[in-house]
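Okay, so here's the structure we're looking at.
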Amino acid sequence: MPAAGNCQAVSVLLSRARCYNARVFLTASFWPIACEEGARVVTAGLARQQIEQYERDGVVFPVRVFSAAEAERFRAALDSLSERCGAGAIKRFDNLHLFFDWAYRLVTHGALLDAVEGVLGPDILVEATVVFHKPPRDASYVSWHQDSLYSGWHLTPSTSAWIALTPSRRANGCMRVVPGSHSRGLLEHQIIRDDPNLLNRRGERVEMNVEEAEAVDVVLRPGEMSLHHSNIVHGSNPNTSDEPRVGFIVRFVTNRTANRDRPMLRVRGRADCSHLTLAKPPAHADPQTAFNAWRAFKLPKLSDE
């Protein structure tokens, strides 16, 4: 990346590619036009090659949206929240952006929205967020599935940002995807009800024979993200390492969304949203008050990792 104070519009060609069955999947054709200034990232959004890759493969990564220092601050805030929750490892935190200033700052970060705008255009809303925390040596996994099964996100423009707050790699159960599977449309799923290690809330598993050689590990460093289509087949394996894996997922939609029973947070643009319920920024500065409001808040859960 360019040195601090010398931010120039550059695109750095990445040479990391993975070969599966004699074909090459380029994990990231180009970085966004970006550089770090001190502890923040400045970006001009996705490069054309990245947008083309997203359209072709249904996923693009790694995209740097936060500096390592920013990612560490977000991680510290989440750790503090986890401690406040008390005994027992909590593996899922929903809709933190509606109640906590730090989560609101994360989902409204300019570098993040610049990248999302390359996929969705200038009018962007956050429909939901979820944090997945896989503790070390944890047997939990996410079966192959599509986010669109229950959410309806495939019916209107949408994308999901999977943001790493810790290293996310094969050993600690990173997300895995089947590139190009989004082009098959919505697939049939079966419901698994007797697997205690399955993290999918409804137990959904796609009825598709996934060849492991076709799957790609979405390897990310803290502050990097992937963007993935709601129809892409994806999942994750257990964490077999001695380190946790923490991902903050943001579900981005536009004003064309049909989901009207959830408060939407407008984060960019001025499109007509009169048919939607718009949320306001978090109102509680006091951590305990925000925590109590978050714990009391209930929404239908639309999707898993």
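One line per residue, one yes/no per condition, for (1) part of a loop (DSSP other than H, G, I, E, B); (2) without any contact (Cβ under 8 Å) to a residue 40 or more places away in the chain; (3) within 30 Å of A279 (Cβ to Cβ); (4) hydrophobic (A, V, I, L, M, F, W, C):
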position: H182; (1), (2), (3), (4): no, no, yes, no
position: Q190; (1), (2), (3), (4): no, yes, no, no
position: R202; (1), (2), (3), (4): yes, no, yes, no
position: R205; (1), (2), (3), (4): no, no, no, no
position: M208; (1), (2), (3), (4): yes, no, no, yes
position: S226; (1), (2), (3), (4): no, no, yes, no
position: V250; (1), (2), (3), (4): no, no, yes, yes
position: A258; (1), (2), (3), (4): yes, no, yes, yes
position: L265; (1), (2), (3), (4): no, no, yes, yes
> Just wondering, is there one or more residues in segment 122-135 that are surrounded by fewer than 20 Cβ atoms within 10 Å (Cβ to Cβ), among the aromatic types (F, W, Y) and modelled with pLDDT under 95?
Replying inline: no
>> Return the pair list, or none, for Cβ contacts closer than 9 Å from residues in segment 272-289 that are within 25 Å of A77 (Cβ to Cβ) to residues that are in a loop (DSSP other than H, G, I, E, B) and hydroxyl-bearing (S, T, Y), at least 6 apart or on different chains.
In response: P281/T108
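In this structure, does T156 turn out to be polar (S, T, N, Q) and closer than 16 Å to V119 by Cβ?
Working: polar (S, T, N, Q): yes; closer than 16 Å to V119 by Cβ: yes.
Considered against the rule, which asks whether it is polar (S, T, N, Q) and closer than 16 Å to V119 by Cβ, T156 comes out as yes.
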> Within the bounds of segment 278-293, is there any residue that is aromatic (F, W, Y), touching a helix residue (DSSP H, G or I) at 6+ places or on another chain (Cβ under 8 Å) and surrounded by 20 or more Cβ atoms within 10 Å (Cβ to Cβ)?
Replying inline: no
>> Take residues that are within 27 Å of R176 (Cα to Cα), modelled with pLDDT of 85 or more and under 15 Å from the mean Cα position of the chain (by Cα) and tell me which of the helices (runs of 4 or more DSSP H) falling wholly in segment 1-118 contain 2 or more.
In response: 68-84, 101-107
>> Condition (residue is buried (at least 18 other Cβ atoms within 10 Å of the Cβ), at pLDDT 95 or above, more than 28 Å from R193 (Cβ to Cβ) and of a type outside the set (A, V, I, L, M)) applied to segment 242-251: is it met by at least one residue?
In response: yes
> How about segment 139-155: which of its residues are at pLDDT 85 or above and under 16 Å from R184 (Cβ atoms)?
Replying inline: W144, H145, Q146, D147
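The values are calculated or read from the model by the stated rules, or taken from the named source; none is laboratory data. A quick note: this is a predicted structure, and the numbers were derived from the prediction, not measured. All Cβ positions, glycine included, derive from the backbone under ideal geometry; neighbour counts span all protein chains shown.
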